[in-house]
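Engineer: Supplied in structure tokens, the structure appears directly below.
The values are calculated or read from the model by the stated rules, or taken from the named source; none is laboratory data. Model, not experiment: these values are computed from the prediction. As a convention, Cβ positions derive from the backbone with ideal geometry for all residues, glycine included, and neighbour counts pool all protein chains shown. For the accessible areas, the whole protein counts, side chains as well, though only heavy atoms, and no ligand, DNA or RNA atoms are used. Shrake-Rupley method; radii C 1.70, N 1.55, O 1.52, S 1.80 Å.
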Number of protein chains: 2
Amino acid sequence: MSKLRVNAFSLSIDGFGAGPGQDLENPLGIGGGALHKWAFSTVTFRKMFGQEGGATGPDDDFAVRSFENVGAWILGRNMFGPVRGPWQDESWKGWWGDNPPYHVPVFVLTQYARQPIVMEGGTTFYFVTDGIHSALEKAKAAAAGKDVRVGGGVSTIRQYLSERLIDEMHLAISPVLLGAGENLLQGLDLPKLGYQCSEQVATPLATHVVIKRA
Amino acid sequence: MSKLRVNAFSLSIDGFGAGPGQDLENPLGIGGGALHKWAFSTVTFRKMFGQEGGATGPDDDFAVRSFENVGAWILGRNMFGPVRGPWQDESWKGWWGDNPPYHVPVFVLTQYARQPIVMEGGTTFYFVTDGIHSALEKAKAAAAGKDVRVGGGVSTIRQYLSERLIDEMHLAISPVLLGAGENLLQGLDLPKLGYQCSEQVATPLATHVVIKRA
């Protein structure tokens, strides 16, 4: 059955999924880049960004898993870009250049309507203005039996978790303290929502935990 | 120089150092026992509680380190016992039986004065009613050049962290979700307080992180 998944979502020890102050120069917020050291070390992510080398092993295994059987993505608007409020024009097309690493339909949650953007390599960005349930419905239809992956950010994942809609979530806890930013789990009682930790694999760069809904 | 340390303090993935509902039957709060699976697996902790067997390796290395060079302890009152409010009588002498695993002076923070309790094996419980700075001063004097270890709980550690008095803190993050309880780091900006993660060692049972003040 088609699942709603979160994969390879990096967190700091103190629970932040991004640093404070996201902008053009700091797409992951200040200090947020350090969260992803484990990912940047892997063959899979390096290849995705056109770089050679990288390691195989457990970090890479999780990177590989993160892209398997994904038929559509859902992204929060802040993950799509730094623009806030109404779209000023049509120029912003995501952080990822002409050929984004999705290669499937991507549904972007926003309050401001915008025409779909067809990118190179199979990625089309659709803008959904009528909420998380509608985005999920559209993404499931587009995924045609494959899974839907919620890319983030924190606020989007929290909304889907609160509604018990996430089936499976892979977090990578990095040995970093951020101190401020967006906290993923604060105030969410995951066991009460039916979630349990089902897997833990630790490497020198991250502790990977998989959380599943019972 | 004598340090103020936290060691072997277990946290859930969602940041809780104890489960909710601590009482006589659940000294670690509901579900809190699962946090300490890594510790209960080690030779060192098993021996301390009179049990045979157990594993050596990185979990045990941290268990060993946690007891090295400790000249005195500081405990919050809730860590000493489930009694709340004024002491009803002198009967409660801690969770640990006649010969507690401290073997040095232990300073218990409380609002309610009580005479010291001399236990077997070198442990004496002293009750400190004039705050965390006073407890630290007394503990440092008693430790005679050795380190002082803050045993917990969460509230006590948070108070010492907020005042930048902890020199070094070893946390063991266990692959467990608690959902509620006492959150160790929520609302504390550790980098701003001068703390950084200096070491990470991961095992199947826990991710050990060491946090130090610059």
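Engineer: If you go through the range B:100-159 one residue at a time, how many are in contact with a Gly (Cβ under 7 Å, 6 or more places away or on another chain) and open to solvent by less than 30 Å² (accessible area, probe 1.4 Å)?
Structural biologist: Total satisfying the criteria: 11.
Engineer: Here is a further query. In the range A:24-33, what residues are under 14 Å from residue A:80 (Cβ atoms) and in contact (Cβ under 8 Å) with a residue 40 or more places away in the chain?
Structural biologist: Of the residues in the range A:24-33, the ones under 14 Å from residue A:80 (Cβ atoms) are A:24, A:27-28.
Once the filter is applied, which keeps residues that are under 14 Å from residue A:80 (Cβ atoms) and in contact (Cβ under 8 Å) with a residue 40 or more places away in the chain, the range A:24-33 yields A:24, A:27.
Engineer: Something else now. For residue B:128, state whether it is over 15 Å from the mean Cα position of the chain (by Cα), closer than 19 Å to residue B:152 by Cα and of a type in the set (A, V, I, L, M). Walk me through how you get there before you give the answer.
Structural biologist: On the way: over 15 Å from the mean Cα position of the chain (by Cα): yes; closer than 19 Å to residue B:152 by Cα: yes; of a type in the set (A, V, I, L, M): yes.
Taking the combined requirement at face value, the residue satisfies it.
Engineer: Pick from the range A:204-214 the residues that are open to solvent by 20 Å² or more (accessible area, probe 1.4 Å) and in contact with a Lys or Arg (Cβ under 9 Å, 6 or more places away or on another chain): which of them is farthest from the other protein chains (Cβ to nearest Cβ)? Spell out how you get there, then give the answer.
Structural biologist: In the first step, residues of the range A:204-214 are kept if they are open to solvent by 20 Å² or more (accessible area, probe 1.4 Å); the result is A:204-205, A:212-214.
Narrowing further to those that are in contact with a Lys or Arg (Cβ under 9 Å, 6 or more places away or on another chain): A:205, A:213.
Working: A:205: 8, A:213: 12 Å.
In this case the residue turns out to be A:213.
Engineer: While we're on this one: Anything in the range A:163-187 that is of a type in the set (A, V, I, L, M), surrounded by fewer than 22 Cβ atoms within 10 Å (Cβ to Cβ) and facing chain B (nearest Cβ under 8 Å)? List them, or say none.
Structural biologist: Once the filter is applied, which keeps residues that are of a type in the set (A, V, I, L, M), surrounded by fewer than 22 Cβ atoms within 10 Å (Cβ to Cβ) and facing chain B (nearest Cβ under 8 Å), the range A:163-187 yields only A:180.
Engineer: For residues that are in a loop (DSSP other than H, G, I, E, B) and of a type in the set (D, E, K, R), tally how many sit in the range A:61-77. Give the steps one after another, and end with the answer.
Structural biologist: We begin by selecting, within the range A:61-77, every residue in a loop (DSSP other than H, G, I, E, B); these are A:68-69.
Now narrow it down to the ones that are of a type in the set (D, E, K, R): A:68.
Count: 1.
Engineer: Applying the selection to the range B:1-60, what residues are within 14 Å of chain A (Cβ to nearest Cβ), part of a helix (DSSP H, G or I) and open to solvent by 30 Å² or more (accessible area, probe 1.4 Å)?
Structural biologist: B:34, B:37, B:58
Engineer: What are the residues in the range B:68-97 that are modelled with pLDDT of 95 or more and open to solvent by 50 Å² or more (accessible area, probe 1.4 Å), if any?
Structural biologist: Hits for the range B:68-97 are B:68, B:69.
Engineer: Also, quick follow-up: Check B:150, B:201 and return the single one that is in contact (Cβ under 8 Å) with a residue 40 or more places away in the chain, within 14 Å of chain A (Cβ to nearest Cβ) and touching a helix residue (DSSP H, G or I) at 6+ places or on another chain (Cβ under 8 Å). Please lay out each step first, then the result.
Structural biologist: Values: B:150 fails: within 14 Å of chain A (Cβ to nearest Cβ).
The match here is B:201.
Engineer: For the range B:159-197, enumerate the residues that are acidic (Asp, Glu) and in contact with a strand residue (DSSP E or B) (Cβ under 7 Å, 6 or more places away or on another chain). Steps first, please.
Structural biologist: Step one: list which residues in the range B:159-197 are acidic (Asp, Glu), which gives B:163, B:167-168, B:182, B:189.
Those that are acidic (Asp, Glu) and in contact with a strand residue (DSSP E or B) (Cβ under 7 Å, 6 or more places away or on another chain): B:167, B:168, B:182.
Engineer: For residue A:84, are the conditions met, namely being farther than 17 Å from residue A:174 by Cα and outside any loop (DSSP other than H, G, I, E, B)? Even if it seems obvious, please write down each step before you answer.
Structural biologist: On the way: farther than 17 Å from residue A:174 by Cα: yes; outside any loop (DSSP other than H, G, I, E, B): no.
So residue A:84 fails the test.
Engineer: Of all residues in the range B:160-196 being touching a residue at least 12 places away in the same chain (Cβ under 8 Å), assigned to a loop (DSSP other than H, G, I, E, B) and of a type outside the set (A, V, I, L, M), which is farthest from residue B:29 (Cα to Cα)? Please lay out each step first, then the result.
Structural biologist: Keep residues of the range B:160-196 that are touching a residue at least 12 places away in the same chain (Cβ under 8 Å), which gives B:160-186, B:188, B:190, B:193-196.
If we keep only those that are assigned to a loop (DSSP other than H, G, I, E, B) too, we end up with B:163-167, B:175-181, B:184-186, B:188, B:190, B:193-194.
If we keep only those that are of a type outside the set (A, V, I, L, M) as well, we get B:163-164, B:167, B:175, B:179, B:181, B:186, B:194.
Numbers: B:163: 27, B:164: 27, B:167: 27, B:175: 17, B:179: 12, B:181: 8, B:186: 19, B:194: 31 Å.
The qualifying residue farthest from residue B:29 (Cα to Cα) is B:194.
Engineer: Let me ask something else. Looking at the range A:147-159, which of the residues that are assigned to a strand (DSSP E or B) and closer than 14 Å to residue A:8 by Cβ is farthest from the chain's Cα centre (by Cα)?
Structural biologist: Taking the range A:147-159 as the starting set, the residues that turn out to be assigned to a strand (DSSP E or B) are A:147-152.
So of that shortlist, the ones also closer than 14 Å to residue A:8 by Cβ come out as A:147, A:149-152.
Numbers: A:147: 14, A:149: 7, A:150: 5, A:151: 2, A:152: 4 Å.
Checking each candidate, the answer is A:147.
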